[in-house]
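The values are calculated or read from the model by the stated rules, or taken from the named source; none is laboratory data. In this text the structure is predicted, and so the values were computed from the model without any measurement. Counting neighbours? That spans all protein chains shown, and the Cβs are built from the backbone with ideal geometry, glycine included.
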Amino acid sequence: MSRIAIIGAGISGLTAAKTLMEKHDVAVYEKSQTAGGLAQSIKADGCTFHICGANSMKQICDTTRKFIEGVINFDEEIVEVKRNSAILFENGEVSKPEFHGMFKKKMTEIEGVPSPISSHIYMLQPEIQKRIVSDIFQIKAKEKSSRSPKFLATYLKAKYGQTLYDMFFGPYYEKVWHSDLRKIPLRWLEGRLHAPTADEIIMANFNHDKAQYLAARTFLYDINGGAQRLVNKLVEAIGDRLTLNHVVRDIEKRGDKWLVDGMEYDKVIFCANLKMLPKILHTPEIEPYKEYIASLKYHGTTSVFCELSKNPYTEIYLPGKEHRAHKIICTGNFNAANNSESHKMTGTVEFTDYISEDDIKDELSRMPLNPVYITHRYTEYTHPIQDIETQATVTKIKDTLKPTGFYITGLLAEWEQYNVNQAIAAALKTVETI
Ligand SMILES: Cc1cc2nc3c(=O)[nH]c(=O)nc-3n(C[C@H](O)[C@H](O)[C@H](O)COP(=O)(O)OP(=O)(O)OC[C@H]3O[C@@H](n4cnc5c(N)ncnc54)[C@H](O)[C@@H]3O)c2cc1C
């Protein structure tokens, strides 16, 4: 039995703790007054407010499923919600005038086209369709011969063509990550991108989206509070091994032991924020990486919880320049219990980085679905942005520290854009050798 300190009680730290606590003496330190990190949701006016995204699980692997099944009654509590997402284009406002008035058929509630756009090309104006068809022929011709793209922009253009890239993928992802997609390595989104082949795009349009290629047509959601329910169950299982309101500030090696804020442990699992590691960890192994870690870029998220007009959507994507927000997540449609008597329909309007309350209210006044402000939260670190060296450098840091009994796992700890499934799977893999 080892004494193990786990830093951070987000999904990753809680997963590690739950897995190790049977055989080891585990202590989890969390700086906030509640556990859950980015997966948290809170109650606002009796409704469920997910403070970052909605943590809906688009796909889960077998190991994650098995882990969740050990904590939650999967069959009774987790439901499969059908996605009904749409993309709102700004007819007349879009920067490229050739796209004005592009839709033959308009969706009733918003001027949008259903997502994925690649399955709904038949809804666009004929001249745009022609350009996309020509793009798809080019994609098909290159499919077998082309080299694998290394960056996000080249990948998206290779998979969807220039026209769809200019209309949606480029502006939308640049809005979300505030980053140049030509410099974002594709590996950063490994396991999260499910682009169709040229044949699948063609078939989806002939069959009017009956084709089943899209992995994320549904998502899993805990009807009793989303990912927060999993967090609560894990916290319950861990019991008094979890200490809240404890910011870990000092970790040092003494002989074969680790001192975490003066308390002695055999091993440490770091599930917090890589940016903070050089300040907290006092060992020579981290020295060569200090400068690189300091140079890592990131962005935050302002999530605005609102009452919305009744609508049938799960998400609405906003790629255009008219709105600073990039997405409306209609969490009230995930599960009626997310709403309350006073707010029949609620959801989150998501902005990248900080935006003031006055600016939020100004933005909301011009947005679709008539959002009425309830509350908001700004989280500074939500999108760790990788460059071409990040994964290899973080792997080196992990490999250098692991033999000393110091492990690193988690979204910000590894500087990965993990979803819940990936965060759980990575934490399980990290602890399997302990
Ligand atoms: C905007 C957004 C939308 C998302 N949407 C989805 C989605 O729809 N579906 C999905 O599957 N996933 C989604 N995710 C991803 C998901 O939220 C994460 O994968 C998961 O929550 C990461 O958990 P983690 O434990 O690795 O990290 P975190 O949640 O960041 O946990 C780290 C914890 O460490 C604590 N900590 C930090 N420093 C210290 C310290 N010095 N001492 C003690 N504690 C410390 C923090 O307070 C925090 O609780 C989304 C993420 C974001 C940002």
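Among residues of the range 238-249 that are over 12 Å from ILE7 (Cα atoms) and assigned by TED's automatic domain parsing to the domain that holds ALA16, none has a beta-carbon under 8 Å from a residue that is within 13 Å of the ligand (Cβ to nearest atom) and in a helix (DSSP H, G or I) at least six positions away or on a different chain.
Residues in the range 272-291: is at least one within 12 Å of the ligand (Cβ to nearest atom), under 23 Å from the mean Cα position of the chain (by Cα) and within 30 Å of ARG83 (Cβ to Cβ)? No: the range 272-291 contains no residue that is within 12 Å of the ligand (Cβ to nearest atom), under 23 Å from the mean Cα position of the chain (by Cα) and within 30 Å of ARG83 (Cβ to Cβ). Counting the residues of the range 319-333 that are out of contact with any helix residue (DSSP H, G or I) (no Cβ under 6 Å at 6 or more places or on another chain) and at pLDDT below 95 gives 4.
Residue count for the range 19-61 under the criterion of being over 26 Å from GLU315 (Cβ atoms) and more than 23 Å from the chain's Cα centre (by Cα): the result is 11. Scanning the range 380-434 for residues that are among the aliphatic types (A, V, I, L, M) and within 9 Å of the ligand (Cβ to nearest atom) yields LEU411, LEU412, ALA413, VAL420, ALA423, ILE424, ALA426, ALA427. Residues in the range 8-56 that are near the ligand (Cβ under 9 Å from one of its atoms), assigned to a strand (DSSP E or B) and small (Gly, Ala, Ser): GLY10, GLY36. Residue count for the range 66-75, restricted to those that are in contact with a strand residue (DSSP E or B) (Cβ under 9 Å, 6 or more places away or on another chain) and within 14 Å of the ligand (Cβ to nearest atom): 1.
When the range 292-345 is filtered for residues that are aliphatic (A, V, I, L, M), more than 30 Å from ILE385 (Cβ to Cβ) and part of a helix (DSSP H, G or I), the ones remaining, listed by number, are ALA336, ALA337. Within the range 388-415, the set of residues being of a type in the set (D, E, K, R) and in contact with a strand residue (DSSP E or B) (Cβ under 7 Å, 6 or more places away or on another chain) comprises LYS398, GLU414.
Filter the range 21-43 down to residues that are under 21 Å from VAL81 (Cβ atoms) and either of a type in the set (A, V, I, L, M, F, W, C) or touching a residue at least 40 places away in the same chain (Cβ under 8 Å) (or both) and give me whichever is surrounded by the fewest Cβ atoms within 10 Å (Cβ to Cβ). Spell out how you get there, then give the answer.
So the first thing to find is which residues in the range 21-43 are under 21 Å from VAL81 (Cβ atoms), and the list is 36, 38-43.
With the extra rule that they be either of a type in the set (A, V, I, L, M, F, W, C) or touching a residue at least 40 places away in the same chain (Cβ under 8 Å) (or both), the set shrinks to 36, 38-42.
Values: GLY36: 24, LEU38: 23, ALA39: 24, GLN40: 22, SER41: 24, ILE42: 15.
For the range 21-43, the residue satisfying everything is ILE42.
Candidates are the residues of the range 137-156 that are under 22 Å from the mean Cα position of the chain (by Cα) and in a helix (DSSP H, G or I); the one that is surrounded by the fewest Cβ atoms within 10 Å (Cβ to Cβ) is THR154. Against the criterion of being of a type in the set (Asp, Glu) and either modelled with pLDDT under 95 or within 30 Å of LYS183 (Cβ to Cβ) (or both), GLU357 does not qualify. For the residues THR393, THR382, THR348, the requirement of being surrounded by 15 or more Cβ atoms within 10 Å (Cβ to Cβ) and assigned to a helix (DSSP H, G or I) singles out THR393. Checking each residue in the range 264-280 for being in contact with a Lys or Arg (Cβ under 9 Å, 6 or more places away or on another chain), not in a helix (DSSP H, G or I) and not acidic (Asp, Glu) picks out TYR265, LYS267, ALA272.
Checking each residue in the range 98-153 for being of a type in the set (D, E, K, R) and at pLDDT 85 or above picks out LYS130, ARG131, ASP135, LYS140, LYS142, LYS150.
Residue pairs whose Cβ atoms lie under 8 Å apart, sitting 6 or more positions apart in sequence or on different chains, and linking a residue in the range 219-237 that is in contact (Cβ under 8 Å) with a residue 40 or more places away in the chain to a partner that is assigned to a helix (DSSP H, G or I) and among the basic types (Lys, Arg), are ASP222/ARG229; LEU234/LYS18; ALA237/LYS18.
Limited to the range 361-379, what total is found for residues that are in a helix (DSSP H, G or I) and within 16 Å of the ligand (Cβ to nearest atom)? Spell out how you get there, then give the answer.
Taking the range 361-379 and keeping what is in a helix (DSSP H, G or I), we get 361-364.
Next cut, within 16 Å of the ligand (Cβ to nearest atom) only: none.
Total meeting the criteria: 0.
Can we say TYR173 is part of a strand (DSSP E or B) and within 20 Å of GLN59 (Cβ to Cβ)? Here the answer is no, as TYR173 does not meet what is asked.
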